[in-house]
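Here's the structure we're looking at; comments come further down.
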């Protein structure tokens with residue numbers, strides 16, 4: 001009968017060996033680096049057999065525009081010898097965790113990297129569920145007399161609107177295909193714009 005080893009037992013044995021052969025603990029051994037690298041490789045092979053992958057966690061901050069249109073980030077491995085590009089998809093949500101598999105980090109060639117995304121949301125904008133709301137201040141006379149209004153959307157593009165006469169303070173308008181990206185349909189959702197008046 002073959003002996004079955006658990007992930008925890010494998011890790012415990014690995015740590016014991018690390019404490020013995022780590023290069024920092026063997027400064028007079030010229031083969032310490034090679035032996036330690038070999039240990040890491042064998043440890044990863046054993047983890048693969050058990051169906052376990054080494055996992056790393058990190059976080060990034062992106063702008064609201066990048067959340068709408070998608071973006072890229074360049075990452076460096078802890079040893080700075082490996083650099084790779086991570087694609088942040090359009091429609092990513094605030095605090096969402098994106099997992100990238102098959103990442104090569106240090107001597108590990110099949111790691112999983114979990115990235116938590118933080119969106120820097122400008123004070124004018126707020127996100128409620130999938131709804132992106134923009135609160136825009138206009139002179140009171142503009143609300144009363146109505147007319148053309150040009151504002152910047154979340155992607156930096158100008159949105160032109162015509163608001164009717166005697167628009168009430170706090171009135172909500174929706175602009176099609178100008179809000180967040182819906183990843184399920186790959187289409188832009190509406191942007192909701194709420195107008196408030198101020199005296200000049």
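Okay, helix-only estimate at 222 nm for the chain: each DSSP H run of n ≥ 4 adds -39500 (n - 2.57), divide by all residues, round to 500 deg cm²/dmol; what do you get? Walk me through the numbers before you get to the answer.
Numbers: 4 runs with 45 residues, N = 200.
My calculation for the chain gives -7000 deg cm²/dmol from helical runs alone.
Restricting the count to DSSP beta bridges whose residues both fall in the chain, what percent are antiparallel, rounded to a multiple of 5?
Working: 29 of 46 bridges.
Counting only bridges with both partners in the chain, antiparallel ones make up about 65 percent.
Return the ratio Rg/(2.2 N^0.38 Å) for the chain, where Rg is computed over Cα atoms only.
1.61
Can you give me the distance in nm between label points at residue 162 and residue 46, each placed 7 Å from the Cα along the Cα-to-Cβ direction?
7.4 nm
Give me the number: length gained by fully extending residue 18 to residue 125, i.e. 0.36 nm times residue separation minus the C-alpha to C-alpha distance, one decimal in nm.
Result for the pair: 33.5 nm of gain on full extension.
Can you give the three extents of the C-alpha atoms in the stretch 125-198 along their principal axes, from longest to shortest, in whole Å?
Ordered largest first, the stretch 125-198 gives principal extents of 41, 21, 17 Å.
Laboratory data are not the source of any read-out in this text; all were calculated from the coordinates shown. Since this is a predicted model, take the numbers as computed values, not measurements. In this analysis, Cβ positions are derived from the backbone assuming ideal geometry, glycine residues included, and neighbour counts consider all displayed protein chains.
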